[in-house]
Amino acid sequence: MIIGIPAEIKNREHRVALIPEGARALVEDGHQVLVEQGAGAGSGFSDKEYTDAGATIVASAADAWAAELVVKVKEPLPREYQFLRPGLGLFTFLHLAACPELLQVLLEKKVLAIGYETVQTDDGRLPLLAPMSQVAGRLATQIGASLLQSENGTQWPGRGVLMGGVANVKPANVLILGGGNVGRSAAEVAIGMGAIVHILEARVESVAALRQHFGQRCEVRFFAQQMMFEALDECDLLIGAALVPGAHAPHLLTSSFLERMPDGSVFMDVAIDQGGISETSRPTSYEQPVYVESGVLHCCLPNLPSAVPVSSTQALTAETFPYIRLLAQAGIATAIREHRSLRRSVNTWDGQITHPAVAEAAGMPYEPLSL
């Protein structure tokens, strides 16, 4: 199989979908790997490392996209739509519930689109989403703590609160909505920084697991709107970490809710990839990471893990590579037919939406995969 690795073009996206070690393994399996010039530079990999591994460096995005299977990190952007075509296999983060325009293009072009975020094992785990969720959770706390400073590198000063406080000074209050991989990772860092941490989680079994994990280090409660109201009144850093696989993130917040927070407090909406958890949320970029609504600094970066591309690329590709190899060895259709986790991950195929949550978010028909 010919496998293409285009360079990422999202604002300051430095990750790459395949490292040289993975390219070497695929070439040794008998496949051809086309890597766009400079694709790995942001993650610390030179073109020479790819050629030494047996990959072919191609000069243009069009050359990389000409492959039978294209593997990326982030969803195609409008200037990449020209490369989409019938029969193309695309394996990347898609987040189509938050991107109806891309969904329409994938349907019109009859692309076989497989979403990293919808690869799901029989026990309900999301193995390709998990490592980036863990990175994003840690970064949400780190960046949020920085934005709380009056001097935070943006035009909007934060509240001026130190996460861990000092003698005779109360630490920052951190509220995390959702206790999955993002929420748990965010809490670990916030606790380590000395903040007062509260997690609200909607699943009863997860509440019990979080309480067992954290013990007395933070407060974990079952999500209820009244509890959220009370917590927002004294919240310095709010982290949105709610997730419904493949679907739009649940809308939990309105502008009136956020007005309860002190002026200069910070809202990190990690769920922005799936549309965000607040009516005030809209995607930002590393070029312009912050805006203010209801007196609250909003940071809604859809590629948060790109801030640490060396770590993120290593964590992501460790999980994606076995699936890439499987798709290449068996052939895309056969691999999907024979492996349930891949079947669950197909978002579009031959002009049809084949993932129920994506179809529901788009208000369009769902066509189950015919085996």
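The values are calculated or read from the model by the stated rules, or taken from the named source; none is laboratory data. Computed from a predicted structure; not experimentally measured. We place every Cβ from the backbone using ideal geometry, glycine too, and count neighbours over all the protein chains shown. These area figures cover heavy atoms from the full protein model, side chains too; ligands, DNA and RNA do not enter into them. Shrake-Rupley method; radii C 1.70, N 1.55, O 1.52, S 1.80 Å.
At a glance:
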read-out: Pair list, Cβ under 6 Å, 6 or more apart: the range 81-104 residue farther than 24 Å from Ser306 by Cβ, other residue open to solvent by 40 Å² or more (accessible area, probe 1.4 Å); value: Arg85/Lys109; Pro86/Lys110
read-out: Elements of type helices (runs of 4 or more DSSP H) in the range 261-371, at least 3 residues being farther than 27 Å from Leu107 by Cα and within 22 Å of the chain's Cα centre (by Cα); value: 309-330
read-out: Qualifying residue in the range 129-147 (condition: part of a loop (DSSP other than H, G, I, E, B) and either under 13 Å from Glu75 (Cα atoms) or touching an Asp or Glu at 6+ places or on another chain (Cβ under 7 Å) (or both)); value: no
read-out: Top-ranked residue of the range 185-205 - restricted to ones that are of a type outside the set (A, V, I, L, M), assigned to a helix (DSSP H, G or I) and at pLDDT 95 or above, ranked as nearest to Ala130 (Cα to Cα); value: Ser185
read-out: Residue in the range 220-230 that is within 12 Å of Leu200 (Cβ to Cβ), assigned to a loop (DSSP other than H, G, I, E, B) and open to solvent by 10 Å² or more (accessible area, probe 1.4 Å) present; value: yes
read-out: Where a residue in the range 172-200 is surrounded by fewer than 24 Cβ atoms within 10 Å (Cβ to Cβ) and its partner, wherever it lies, is acidic (Asp, Glu) and assigned to a strand (DSSP E or B), with Cβ under 7 Å and at least six apart; value: His198/Glu219
read-out: Any hit, the range 150-159, residues being closer than 26 Å to Ser311 by Cβ and part of a helix (DSSP H, G or I); value: no
read-out: Those residues of the range 330-371 which are over 18 Å from Leu69 (Cα atoms), surrounded by 19 or more Cβ atoms within 10 Å (Cβ to Cβ) and either without any contact (Cβ under 8 Å) to a residue 60 or more places away in the chain or among the polar types (S, T, N, Q) (or both), in sequence order; value: Thr354, Ala359
read-out: Of the criteria (1) over 22 Å from Arg343 (Cβ atoms); (2) of a type outside the set (A, V, I, L, M, F, W, C); (3) under 13 Å from the mean Cα position of the chain (by Cα), which one Tyr116 fails; value: (1)
read-out: Restricting the range 245-260 to residues that are more than 30 Å from Ser345 (Cα to Cα) and in a loop (DSSP other than H, G, I, E, B), the residue that is most open to solvent (accessible area, probe 1.4 Å); value: Glu259
read-out: Residue list for the range 92-115, filter: out of contact with any Pro (no Cβ under 9 Å at 6 or more places or on another chain), crowded, with 22+ Cβ neighbours inside 10 Å and either assigned to a helix (DSSP H, G or I) or charged (D, E, K, R) (or both); value: Leu96, Ala97, Leu103
read-out: In the range 261-306, residue surrounded by the fewest Cβ atoms within 10 Å (Cβ to Cβ) [restricted to those that are under 16 Å from Ser150 (Cα atoms) and of a type in the set (A, V, I, L, M)]; value: Val292
read-out: Residue that is surrounded by the fewest Cβ atoms within 10 Å (Cβ to Cβ) [pool: residues in the range 1-39 that are touching a residue at least 60 places away in the same chain (Cβ under 8 Å) and over 19 Å from Gly89 (Cβ atoms)]; value: Ile9
read-out: Residue count, the range 51-73 (criterion: among the hydrophobic types (A, V, I, L, M, F, W, C), under 23 Å from Gly331 (Cβ atoms) and open to solvent by 50 Å² or more (accessible area, probe 1.4 Å)); value: 1
